[in-house]
Amino acid sequence: MALRFFNTHSREIEEFEPRDPTARPIRMYTCGPTVYSRAHIGNFRAYIFEDLLQRHLELRGYKVHRVMNITDVEDKTIRGAREAGVPLQKFTEQFKDAFFEDAHMLRIKRADEYPAATDQRYIDRMIEMISVLISKGLAYQADDKSVYFRINKFPDYGKLAHFDLTQLQSTGRVKHDEYDKEHIGDFALWKAWDEVDGDVKWDSPWGPGRPGWHIECSAMSMALLGDQIDIHCGGVDNIFPHHEAEIAQSEGVTGKKFVRYWLHCAHLLVDGQKMAKSLGNFYTVPDVLAKGYTGRELRYALLRVHYRVPLNFTWEGMNEARESLARIDEWLARLHEVAKPGNAQHLTTAFEDALDDDLNISAALGFLFESIRETNRAMDQNKMDAASASEWLDWWKRINTVLDLEAETDVVIPNEVAQLAEERENARREKNWKRSDELRDRISSLGWEVRDTKDGPKLTRGAGSA
């Protein structure tokens, strides 16, 4: 099956055809974190979708060159640094480090580059692009000394978002109260220095200032991936105005189609509501880990729903993720007991075929768990031979390059927990069910769960474990 993706620009499922089929790698740009605070699990829902996309492309034989930007200068980072009384770089560094820690915890593959907007080479590229846009009449310097993009001079503006320009209202990313802009939708390319910016400024032909949010991504993408890229990703909240502005800026400079495929991830909800600190339902990765869950479990919870469908995060869902992973772990353990080294045959590609269809992870996981049911039934009936078990393990190894969900092999079970589990097993053999239940509760109080399987008791980390 050919790869097919839903292109936000056309609002249609399209067969994936790279810009240049003979050229490798695939050029992919993904919008990264704005480092004014720690990224939340809604952000990581998008980053995991992008991780799934890259991994599946690689499984299908493509080499991917992926760039993810770090937005370290904009209104919120400047305000945060000012309130903290520290330089901008020191303020943002802590959140950059936290982002990489959390991404590692969720097993997200590293991008090839993580350009930062404050890097002088990219500032220079932004100034160069703005100069070209002014020379073409696509941008102008207003009375407030800031430089704006003239959206009325770019006929395709609004086509990504399928937006009626007459409905435009000002956005929070641009100060607009006293500014003499030609159109309310004209967005800032270069923001003139203001005293609240402190020492955050760069010299430019238009006076001291700093880049607008949108031009940062255009400049970094074009500097590292060229004038035209294959795939650009982000959350649905990036479609307008951010990605719309990227198209206008980039194509305004080059006259070439900027992006072939736009893929956007739907929002994450918490218990059916928008995540907000005021509602007490705002969670970061460490918040979830503090509840006793693992990065692997959170990865599964954020991965399992199709990227274009809103994902409703609940603690019940986290428990379901734990149970699903336990099923995979037990299945793999059983296969390893049966299997022996040999030349395995290539099994079905149904999992990959499902992902070929606009990353249909729900169908792919459905096939995985149906395969687990069927193979467990075969092992229950002693109908699974060693060669077949080896084939299934090789199949899992292949699809796990996309999922990356296998358990860590170095998990150490505390001696106290292991001793209690052994005592509980003795109680069960003696049919002392009351004692067995008491020991289960003690094990649970220590942050572990014991599950009774056909192959004996299995211990896994439970909610509350460190």
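The numbers here are math on the coordinates, done by the rules we state, and not lab data. Keep in mind that what you see is a predicted model, and the values were worked out from it rather than measured. Counting neighbours? That spans all protein chains shown, and the Cβs are built from the backbone with ideal geometry, glycine included.
Among the trypsin sites (Lys or Arg not before Pro) found in the range 43-96, those both in a DSSP coil and sparsely packed, with 16 or fewer other Cβ atoms within 10 Å of their Cβ, are ARG60, LYS63.
For ASP404, no residue whose modelled amide H falls within less than 5 Å of its own remains once neighbours fewer than 5 places apart on the same chain are excluded. Counting charges near ALA139 (Lys, Arg +1; Asp, Glu -1) among other residues having Cβ under 10 Å from its Cβ returns a value of +2.
A simple spin-label model places the labels of GLN120 and SER135 2.3 nm from each other, with each point 7 Å out along Cα-to-Cβ. Of the trypsin sites (Lys or Arg not before Pro) found in the range 1-44, the ones in coil according to DSSP and having at most 15 other Cβ atoms within 10 Å of their Cβ are ARG11. Kirkwood hydrodynamic radius computed over the range 245-297 comes to 14.9 Å, based on all pairs of distinct alpha carbons.
The simple spin-label model puts a point 7 Å past each Cα toward its Cβ; for LYS76 and ASN312 those points are separated by 2.6 nm. The separation of the range 256-272 from the range 89-115, counted between C-alpha centres, amounts to 21 Å. For the range 86-244, the orientation-averaged shadow of the C-alpha convex hull comes to 10.7 nm² (one quarter of the hull surface).
For the range 33-71, the residues whose backbone nitrogen is under 14 Å from a point 7 Å from the Cα of ASP237, taken along Cα to Cβ, are 33-47.
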